[in-house]
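Worksheet: the structure to be examined is printed underneath.
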Amino acid sequence: MDRRWRRVVLKMSGEALASSASDETIDAAVVRRIANEIAAAKEELGTELAVVVGGGNIWRGTTGAGEGMDRATSDIMGMLATVINALALQDAIEREGQPTRVLSAIQMAEVCEPYIRRRAIRHLEKGRVVIFAAGMGNPYFTTDTPAALRAAEIEADALLKGTHSGVDGVYSADPRLDPKATRFDEIGFMEVVSHDLRVMDLTAITFCKDNDLPILVFDLMKPGNIRSALAGQEIGTLIR
Ligand code: UDP
């Protein structure tokens, strides 16, 4: 399969923006490095790039729900957290000279644009990076599923799932627990589901299967990997 895609959605967790060294929720140095890689890869390769960022470094719906909070309210807080991360990323990417637009699934006209599918596509065609914020605007989801949904909506060729936990693809078992675990170069959707290889939410994986959308799982934190992923190099694991 040709991995040099024309248009992709890059999914990263909010935790990727946090500091591993301090308790910083958003580490400016980390955001700058990711922004620099995105801008440089975009300029060199011209790939149309949309980003979905999570909010787990700030808030997760399950955190509040676990404390007895109303689940939907807690999830809305999580979606708002993704907007904070999206604005941090937009600021950093634009400081690298790459025009970037944030489109939110929850309307907040003073802060960013609303998500309108055709507008998102137009931004991409004009060479802007698009950041999809606020997930899909509905509670009871994580940002994996809206990442897959948006990828299908904008007719992306692939969903790139950047990991931040040090696990650089899909393994036969959790490599942090099992030293014998091996990494797959490629794996089928159904194998991921049937072996419960937890790389993404099941909802997102089955959605990608139904819509023929390959997922590349790769280590986002390794310098140079965003470019490698966009350039079609064989890193990580391709699920298809
Ligand atoms: N969320 C939601 N609907 C969505 C996307 C996100 O309710 O469509 C909420 C949910 O509570 C989730 C939180 O936003 O826990 C933050 O997103 P996520 O957990 O995916 O962040 P990540 O783990 O990727 O940083």
Item checked: Criterion: surrounded by fewer than 20 Cβ atoms within 10 Å (Cβ to Cβ), within 19 Å of GLU15 (Cα to Cα) and not acidic (Asp, Glu) - qualifying residue of GLY127, GLY135, GLY166, GLY162 -> GLY166
Check: Within the stretch 138-148, restricting attention to residues that are hydrophobic (A, V, I, L, M, F, W, C) and crowded, with 24+ Cβ neighbours inside 10 Å, which residue is nearest to the ligand (Cβ to nearest atom)?
Finding: ALA147
Item checked: Residue ID - surrounded by the most Cβ atoms within 10 Å (Cβ to Cβ), chosen from residues in the stretch 13-27 that are out of contact with any helix residue (DSSP H, G or I) (no Cβ under 7 Å at 6 or more places or on another chain) and more than 21 Å from ALA134 (Cα to Cα) -> GLU24
Notebook entry, point to check: GLN107 is checked against (1) touching a residue at least 24 places away in the same chain (Cβ under 8 Å); (2) farther than 29 Å from ILE235 by Cα and fails just one. What number does that condition carry?
Noted result: (1)
Checklist line | Residue that is farthest from the chain's Cα centre (by Cα), among those in the stretch 213-240 that are aliphatic (A, V, I, L, M) and assigned to a loop (DSSP other than H, G, I, E, B) | finding: ILE235
Check: In the stretch 41-66, which residues are within 13 Å of the ligand (Cβ to nearest atom) and farther than 12 Å from THR142 by Cα?
Finding: VAL51, ASN57, ILE58, THR63, GLY64, ALA65, GLY66
Note to self: Report every pair of residues separated by at least 6 positions or lying on different chains whose Cβ atoms are under 6 Å apart, first residue within the stretch 81-102 and in contact (Cβ under 8 Å) with a residue 12 or more places away in the chain and closer than 21 Å to THR142 by Cα, second more than 16 Å from the ligand (Cβ to nearest atom) and not β-branched (Val, Ile, Thr).
What the structure shows: VAL102/GLN90
Next item on the list: Please determine, by comparing only the residues of the stretch 91-117 that are among the polar types (S, T, N, Q) and crowded, with 23+ Cβ neighbours inside 10 Å, which one is nearest to the ligand (Cβ to nearest atom).
Entry: SER104
Notebook entry, point to check: Any idea which of (1) buried (at least 23 other Cβ atoms within 10 Å of the Cβ); (2) in a strand (DSSP E or B); (3) of a type outside the set (Val, Ile, Thr); (4) out of contact with any Cys (no Cβ under 8 Å at 6 or more places or on another chain) is the one ALA156 doesn't satisfy?
Noted result: (2)
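Read-outs: derived from the displayed coordinates by stated rules, not from any lab. All values reported here derive from a predicted model rather than from experimental measurement. Don't worry about glycine lacking a Cβ; one is built from the backbone with ideal geometry, like all the others, and counts go over all protein chains shown.
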